[in-house]
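Just so you know, all these numbers are worked out from the coordinates, no wet-lab data involved. Every value quoted in this text rests on a predicted model; they were computed, and no experiment measured them. Neighbour counts run over all protein chains shown; Cβ positions are idealised from the backbone, glycine included.
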Amino acid sequence: MEEEPTKGQPRSRSAAHDERVTARIGLWLAISFGLCFATGLLSHLIQHPPSWFTWPSRPVWLYRVTQGTHVISGIASIPLLLAKLWSVYPKLFERPVVRSVPHAVERLSILVLSASVFFELTTGLLNVAQNYPWNFYFPTVHYAVAWIAVGSLLVHIAVKLPVVRRALERTTDRKPEPKTTSGLSRRGFLRTTLLSTGAAVLATAGATVPWLRDVSVLSWRSDNGPQGVPVNRTAAAAGVLTSARDPEWRLEVVTSAATRSFTLAELRALPQTTAELPIACVEGWSANATWTGVALPDLLRATGAAPGVTVKVTSLENRGLYSRSTVPGEHTADPLTLLALDLNGGELDLDHGYPCRIIAPNRPGVLQTKWVRRLEVVA
Ligand SMILES: Nc1nc2c(c(=O)[nH]1)N[C@H]1C(S)=C(S)[C@@H](COP(=O)(O)O)O[C@H]1N2
Ligand SMILES: [Mo]
């Protein structure tokens, strides 16, 4: 704990290390990290739904907003974490290193907390930058470590609650700040922290907030890509250049009643639906586009199945985690869930999933399977 500076005695430390500053930044960090955790957990549940979980198909833009919030709050947490660490680092050199067993536990929990939050923010940042310099499967590890971070965060908040309460109460007193011997004033440090956080958010948020696109210098994936929509994995990378253009291609639809196959011309001859729907990648970028194709409920009815069933989707891409997806009942019943053939007024580009791809409202991009070859009713 820091001492109140006594009259006439210069402060030995900069105001950045004042507990009032630490508590303020800690509060902001808890809010941004909490938001990041909640939206991340939601995204995980949508991608790996347990039996008690259902995710609605409307509003069409909801996942775009929650995942945008996940990435933006994660980015905002980076400058906040750095400021928080700067604010408390003198405590690292406290002596004695360990005063008691509870003190040891507390210090250990702070070590676990800092390491896990640091890990989450750096792996998340590298992921949105589409840079994978590791050889573990990112989502699994990012998800597991998130629980460690939140668990140790709760312990930390519980332990520090009295200090936080006192510090935040003291912040509201209106007494003029005492002069510091060096560095920024408390308010100056807080203002700088907020400004850096705002700058980090502005620099990256354009990947998902359209009107920020022009100010986001670091924004990844805006509207580059064929047909004005970014591409996540190209047809070449997925190894489907030949199979997707094969004139023998047929869409196979398997229901309990029958197995039917459709040529592209037959799919085009079915009633077509046009919808404006976003692709919202888990990596944070998102883009709206106009899609035209066969509504899944129509296709199911045409093959003797009822909308509302669960449908397994298989891609021509034969390896990789994204080569399959499952469309739950909420979505197979929604007339805006499409097997898309056209994008923004033209035939689907090979990189966007030609000959056909799934595009459903309010779903993560990874589940919008491209180069579809087979739909199978599984329940
Ligand atoms: N078969 C297949 N479908 C896929 C993918 C993939 O790698 N393979 N990537 C998914 C991901 S992560 C996203 S964000 C969207 C992106 O669609 P787009 O490349 O048309 O923008 O496609 C999805 N569909
Ligand atoms: Mo994605």
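Against the compact-protein benchmark of 2.2 N^0.38 Å, the Cα-based radius of gyration of the stretch 229-377 scales to 0.94. With the cut-off at under 18 Å, measuring from each backbone N in the stretch 360-377 to a point 7 Å along the Cα-to-Cβ line of Thr259 picks out 372-377.
Compute the FRET efficiency between Ile157 and Thr310 as 1/(1 + (r/R0)^6), taking r as their Cβ-Cβ distance and R0 = 45 Å, and round to the nearest 0.05. With a Förster radius of 45 Å, E is 0.65.
For the chain, lysine pairs separated by 8 or more sequence positions, or belonging to different chains, with Cα-Cα distances below 20 Å total 5. Think of it as helices only: each DSSP H run of n ≥ 4 in the chain is worth -39500 (n - 2.57), and spread over all residues that comes to -15000 deg cm²/dmol at 222 nm. Computed extension gain for Phe138 through Asp246, at 0.36 nm per residue and net of the alpha carbon distance, reaches 35.5 nm. A full extension of the chain between Arg166 and Ala302 corresponds to an added length of 42.2 nm, given 0.36 nm per residue minus the alpha carbon distance. Applying 1/(1 + (r/R0)^6) with r as the Cβ-Cβ distance of Ile148 and Arg268 and R0 = 35 angstrom yields a FRET efficiency of 0.10.
Computed over the chain, the range of Cα coordinates on each principal axis works out to 88, 44, 35 Å, biggest value leading.
Here the calculated FRET efficiency for Leu108 and Arg233, from their Cβ-Cβ distance with R0 = 41 Å, stands at 0.45, rounded to the nearest 0.05.
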